[in-house]
Amino acid sequence: MKKITEAYIQRLPKAEIHIHLEGSVTPEALLRLGKKHKTELAGMNPEQIREEFFEYRDFYDFLETYKLVCRHLQSAEDYLDTLRDLGRYFQRENILYAEVIFTPSIPWKFGRDGAEILGAILEESAKLEESRGVRIRWILDCVRQFGREVAERTAELAWQSRAQGVVGVGLGGDEKAVPLSEYEEVFNWVRAHELFVHVHAGEIGEPSEIWDALQILGANRIGHGIQASRDSKLMGYLRDHAIGLDICLTSNAKTKAWPLISEHPFPLLFERGVPVTLNTDDPGLFEVDLGTEYKKAVDAFELQEDDLHRIILQGIRSSFLPHDEKMSLMQLFRDKIQANGE
Ligand code: ADE
Ligand code: ZN
């Protein structure tokens, strides 16, 4: 059996469809923001920041660091610096397609202009497509704990921004905080306005959260969804309805949603035909890149080249691109995959 090396993985074309802009802030970038805004972090060094904030007892401990990072993103320029770093990351990892999640309700929480920040982000995103050779689409996320009203505002902003690359509306945050029925009307509106629906569910919550995301919100794709592995009927449903699960191994290990990668349900889901992809979720906060995520999967689950290629192509299949764009991008990926093996 051929050994799959890091160099081979690096050269493969990749799609990353679950990556939060805010979560791409590294310890070094957080320190820069701390110094710029003269916060309590200004006097620390990156190692101290890493030790104090970038290791998580559990999912809720992770959310605390997430909030700390969001508190440091104080201006459009801070978001743009983060996005430019992300552009370099895409190029380094040979990521040719990305669906990035941005949460406008975070600047709104701090009394900032989320629509203006989004406008600046989308303008920069178009420039990065040119300079970094990556196609970028956006999902605007609502936060479960924040309630219906801000979710409605988020959905309207997504609708207004669809010509600039916004393709969907998502729901993230603490899935145990509020039942999904709270968001039923918002997501009815989202679907009626031809936007895709993305829901974080079954990460730390029960399989019933995933059923609710499908049946109440009409989710087109699920963030994480790993708890589906406990429900055979649900795995069959996801397979038959081509509902993708964005799997994030390192994220799950670091938040303790699934502490051991060696025991992760990824291989079970894959064998059952559930459309699974590999993603970093928050590459800065989890200090991981997509190549490493793939390498961990190859080593832990003994994936072969064909498996790897299937997972990569699934990233385009599960994306929120229109059908014809998916088909042409998949052909481009197939050509590049083949060239990589020659
Ligand atoms: N926002 C960023 N990362 C997240 C995660 N892993 N789960 C829920 N919401 C998130
Ligand atoms: Zn996420």
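The values are calculated or read from the model by the stated rules, or taken from the named source; none is laboratory data. Treat the numbers as computed from the prediction; the structure is a model and nothing was measured. All Cβ positions, glycine included, derive from the backbone under ideal geometry; neighbour counts span all protein chains shown.
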(request) Would you mind finding the one in 22, 64, 55, 16 that is more than 25 Å from residue 126 (Cβ to Cβ), within 15 Å of ligand 1 (Cβ to nearest atom) and within 20 Å of the chain's Cα centre (by Cα)? (result) 64
(message) Among the listed residues 270, 286, 333, identify the single one that is under 22 Å from the mean Cα position of the chain (by Cα) and closer than 26 Å to residue 66 by Cα.
(response) 286
(request) Return yes or no: is residue 184 over 15 Å from residue 199 (Cα atoms), away from ligand 1 (no atom under 16 Å from the Cβ) and modelled with pLDDT of 95 or more? (result) no
(message) Out of 117, 95, I need the residue that is at pLDDT 95 or above and either within 27 Å of residue 186 (Cβ to Cβ) or surrounded by fewer than 21 Cβ atoms within 10 Å (Cβ to Cβ) (or both). Which one?
(response) 117
(message) I'd like to know if segment 31-42 contains one or more residues that are crowded, with 20+ Cβ neighbours inside 10 Å and either at pLDDT below 95 or within 16 Å of ligand 1 (Cβ to nearest atom) (or both).
(response) no
(request) Scan (1) in contact (Cβ under 8 Å) with a residue 24 or more places away in the chain; (2) more than 16 Å from ligand 2 (Cβ to nearest atom); (3) within 24 Å of residue 299 (Cβ to Cβ); (4) not charged (D, E, K, R) for the single condition residue 5 breaks and write down its number. (result) (1)
(request) Collect the residues in segment 148-171 that are hydroxyl-bearing (Ser, Thr, Tyr) and either in a helix (DSSP H, G or I) or surrounded by fewer than 19 Cβ atoms within 10 Å (Cβ to Cβ) (or both), keeping them in residue-number order. (result) 154
(message) Filter segment 7-28 down to the residues that are surrounded by fewer than 20 Cβ atoms within 10 Å (Cβ to Cβ) and farther than 13 Å from residue 293 by Cβ and list them by number.
(response) 7, 8, 11, 28
(request) Filter segment 294-315 down to residues that are of a type in the set (D, E, K, R) and more than 15 Å from residue 265 (Cα to Cα), then give me how many there are. (result) 5
(request) Please work out which residue is surrounded by the fewest Cβ atoms within 10 Å (Cβ to Cβ), limiting yourself to segment 258-275 and to residues that are of a type outside the set (D, E, K, R) and under 16 Å from residue 308 (Cα atoms). (result) 273
(message) Need the failing condition index for residue 277 against (1) in a helix (DSSP H, G or I); (2) farther than 27 Å from residue 57 by Cβ, just the number.
(response) (1)
(message) Please verify whether residue 152 is closer than 22 Å to residue 29 by Cβ and of a type in the set (D, E, K, R), treating the condition exactly as stated.
(response) no
(request) Among the helices (runs of 4 or more DSSP H) lying completely within segment 286-342, list those that include at least 1 residues that are at pLDDT below 95. (result) 323-341
(request) Could you run through segment 72-101 and say how many residues are in a loop (DSSP other than H, G, I, E, B) and of a type in the set (D, E, K, R)? (result) 1
(message) For segment 321-335, check the following and say yes or no: at least one residue is surrounded by 19 or more Cβ atoms within 10 Å (Cβ to Cβ) and within 19 Å of residue 226 (Cα to Cα).
(response) no
(request) Select from segment 238-262 the residues that are more than 16 Å from ligand 2 (Cβ to nearest atom) and touching a Phe, Trp or Tyr at 6+ places or on another chain (Cβ under 8 Å) and list them in ascending order. (result) 243
(request) Go through 205, 172 for me and flag whichever is closer than 30 Å to residue 120 by Cα and in contact with a helix residue (DSSP H, G or I) (Cβ under 9 Å, 6 or more places away or on another chain). (result) 172
(message) Cβ contacts < 7 Å: first residue among the polar types (S, T, N, Q) and within 16 Å of ligand 1 (Cβ to nearest atom), restricted to segment 219-238; second residue modelled with pLDDT of 95 or more and not in a helix (DSSP H, G or I), any location; separation 6+ or different chain. Result?
(response) 227/202; 227/205; 227/206
(message) With the requirement that a residue be touching an Asp or Glu at 6+ places or on another chain (Cβ under 7 Å) and more than 19 Å from residue 230 (Cα to Cα), what does segment 269-299 give you?
(response) 278, 279, 280, 283, 289, 290, 291, 295
(request) Find all pairs meeting these conditions: Cβ atoms under 7 angstrom apart; at least six residues apart or on different chains; first residue within segment 53-64 and surrounded by 18 or more Cβ atoms within 10 Å (Cβ to Cβ); second residue outside any loop (DSSP other than H, G, I, E, B) and among the aliphatic types (A, V, I, L, M). (result) 53/68
